[in-house]
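Here's the structure we're looking at; comments come further down.
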Amino acid sequence: MRILVLGGTRFLGRAVVDDAAGRGWSVTVFNRGSSGPAPERCEAVQGDRRNVADLARLAGHGPWDVVVDVPGVIPAEVRDAARVLAPLAGRYVFVSTVSAYQDWPAQPVDEGSPRRAGDPDVDVASWDWGAGVYGIYKAGAEAAVERETDGQALIIRPGVILGPWEYSGRLTWWLERIAAGGRFVAPGDPGTRIQPVDVRDVAAFVLDHAAAASTGVFNLAAPLDRDTFGGLIDACLAATGAAGAPVWVTDAQLQAADLREWTQPPLWRTATGTWQVDPSRALAAGFAPRPLADTVRDTWAWMQDGGEPFEDPRAAMHAIPVAIERVLLATAADAASLASGAK
Ligand SMILES: NC(=O)c1ccc[n+]([C@@H]2O[C@H](COP(=O)([O-])OP(=O)(O)OC[C@H]3O[C@@H](n4cnc5c(N)ncnc54)[C@H](OP(=O)(O)O)[C@@H]3O)[C@@H](O)[C@H]2O)c1
């Protein structure tokens, strides 16, 4: 198999490249070279996907059995890549997100749920996370890929992806905070269901289904009734060997402290549908999400081994500010001592 990976050097793209090379596939990566060197064992073509001449030069390295657009967000960029590359590819894969659903995170979603109204031709030079456009752009990008491939693309919609090389600062923050020891704030309720998936399992699904020439949309999330926030915390304690103690603070207390959902702390979000992404279509098609504890263990091992993620400004947003955590812990300690005095 010959595969072209648009991207390939930060997180999911890197996992796709590693897995494909491990399968003995011939791998080409296309990126600007600014996120670090291309993974070993692949042909690296440098260029900017916003530059039509660079895309035309890339096309000269084809054809491929599979093209995977891993990082595309801006619809016109995704469209232009698909327009040039889809005719040179047996199968075309686009990595989207559950944020493309109109009702996520407010409501549970499956592949039949409505998509946001995204324009496939929108072009902007840059965008930022704070603007709330991510899901709208991804929806437009999906529409662009569908149009350019006559509906023959494979579109995957992962929820939260964790694992080695994560650069958003979600699991890596939790591991660092818990490794620091002592009492720490844990959000909401230990029984809250969560559904992160391992980056390596997402990569494997993409490649398995590219090989099988699958088309259509697949959600990638852990089984609905498998993992909990308490399990994630326990796995972090086990992986780091830290003697810390979680202090569970209610959603209402976290909200009263003006903490920002999703980032302060990472993965805390109260909207009903956040962790109700139905993965049954992918599970039936062979998606095999490993135990969350394995992802946590391997991510910690990678960090301990000097793992240096791509530097992303979003990482700094993922944390409970120290001063707020101190107040929450002190309040919880006061409440506990009042309760024990009252007994
Ligand atoms: N993380 C999550 O929890 C999550 C959840 C759902 C969906 N997703 C989706 O999963 C994907 C993850 O992407 P990733 O960052 O892990 O992918 P990646 O392929 O590992 O890294 C991003 C790549 O894009 C390249 N790139 C950026 N701008 C470029 C440009 N103008 N021209 C050419 N190459 C360019 C970067 O290299 P250079 O900078 O060197 O050019 C880098 O190789 C995204 O589509 C994201 O929306 C993520």
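Only the coordinates and a few stated rules stand behind these numbers; no lab work does. This structure is a prediction, so every number in the text was calculated from the model and none was measured. Don't worry about glycine lacking a Cβ; one is built from the backbone with ideal geometry, like all the others, and counts go over all protein chains shown.
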On each of the three principal axes the extent of the alpha-carbon atoms of the chain, given in whole Å and largest first, is 76, 41, 39
Given only helices, namely DSSP H runs of n ≥ 4 each adding -39500 (n - 2.57), what is the per-residue ellipticity at 222 nm of the chain, to the nearest 500 deg cm²/dmol? -11000 deg cm²/dmol
Mark the label point 7 Å from the Cα of D189 along Cα→Cβ and return the residues of region 320-343 whose backbone N is within less than 19 Å of it. none
Just the number, please: Stokes-Einstein D of region 294-343 in µm²/s, Kirkwood Rh from C-alpha pairs, 37 °C, 0.692 mPa s. 228 µm²/s
Calculated on alpha-carbon atoms, Rg and Dmax of region 209-336 in Å: 17.9, 59
Cα lying deepest toward the dipole's positive end in the chain, options L328, I155, G24, charges on Cβ: L328
For the chain, find the longest principal axis of its Cα atoms and tell me its angle to the long axis of helix 134-148, 0 to 90°, nearest 10. 20 degrees
Table column - 3J(HN,Hα) (Hz), region 90-104, Karplus curve with 6.51, -1.76, 1.60, x for Gly and Pro: x, 9, 10, 10, 10, 8, 9, 6, 5, 5, 6, 6, 4, 9, 8
According to the square roots a ≥ b ≥ c of the eigenvalues of the Cα gyration tensor, what is the shape class of region 1-64, taking rounded for a/c under 1.5, prolate for a/b larger than b/c otherwise, and oblate for the remainder? oblate
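With +1 on each Lys and Arg Cβ and -1 on each Asp and Glu Cβ, and nothing else charged, work out how big the dipole of the chain is about its Cα centre, in Debye to the nearest 20.
That gives the chain a dipole magnitude of about 180 debye.
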Counting sequence-distant residues (5 or more places) and residues on other chains, those with an amide H built under 5 Å from that of L154 are Y92, V93, F94, G216
Among D258, D65, what is the fewest-to-most ranking by other Cβ atoms within 10 Å? D258, D65
Running a GNM on the chain with Cα contacts under 10 Å, which residue among V124, V206, V98 ends up with the highest mean-square fluctuation? V124
Using the Cα centre of region 229-336 as origin and beta-carbon charges of +1 (Lys, Arg) and -1 (Asp, Glu), tell me which of Q255, A245, A285 is placed farthest towards the positive end of the dipole. A285
Relative contact order of the chain, pairs being alpha-carbon contacts under 8 Å that are 6 or more residues apart, as %: 18 percent
Heads up, region 87-152 by the C-alpha gyration tensor (a ≥ b ≥ c square roots of eigenvalues; a/c under 1.5 rounded, else a/b over b/c prolate, else oblate) looks oblate
Of the options L85, A141, G36, report the single residue whose Cα projects farthest towards the positive end of the charge dipole of the chain (beta-carbon charges: Lys, Arg +1; Asp, Glu -1). G36
Please state the Cα pair-distance histogram of region 251-325 with 5 angstrom bins from zero: what percent is in each bin? 3, 11, 13, 16, 19, 18, 13, 5, 1, 0
Order of C42, C236 under a 10 Å beta carbon neighbour criterion, fewest first: C42, C236
Taking only Cα atoms of region 2-158, what ratio of Rg to Rh do you get with Rh as the Kirkwood inverse-distance radius? 0.96
Which far-off residues, 5 or more places away or on another chain, put their amide H under 5 Å from the one on D227, with H placed in the peptide plane? I194
Computed over the Cα atoms of region 103-221, the Rg and Dmax in Å are 17.4, 56
Relative contact order (%) - region 213-287, alpha-carbon pairs under 8 angstrom, separation at least six: 56 percent
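How large is the charge dipole for region 197-343, taken about the Cα centre, if only the Cβ atoms of Lys, Arg (+1) and Asp, Glu (-1) carry charge, to the nearest 20 debye?
About 280 debye.
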List every residue whose amide H lies under 5 Å from the amide H of G118, counting only residues 5 or more places away in sequence or on a different chain, with H placed 1.01 Å from N in the peptide plane. G140
Extension gain from A56 to W127, taking 0.36 nm per residue of separation minus the Cα-Cα distance: 23.1 nm
Using Cα atoms only, what is the angle between the long axis of helix 199-211 and the major principal axis of the chain, expressed in degrees (0 to 90) to the nearest 10? 30 degrees
Could you give each residue of region 291-296 its phi-based ³J(HN,Hα) in whole Hz, using Karplus coefficients 6.51, -1.76, 1.60 with θ = phi - 60°, and x for Gly or Pro? x, 4, 4, 5, 4, 5
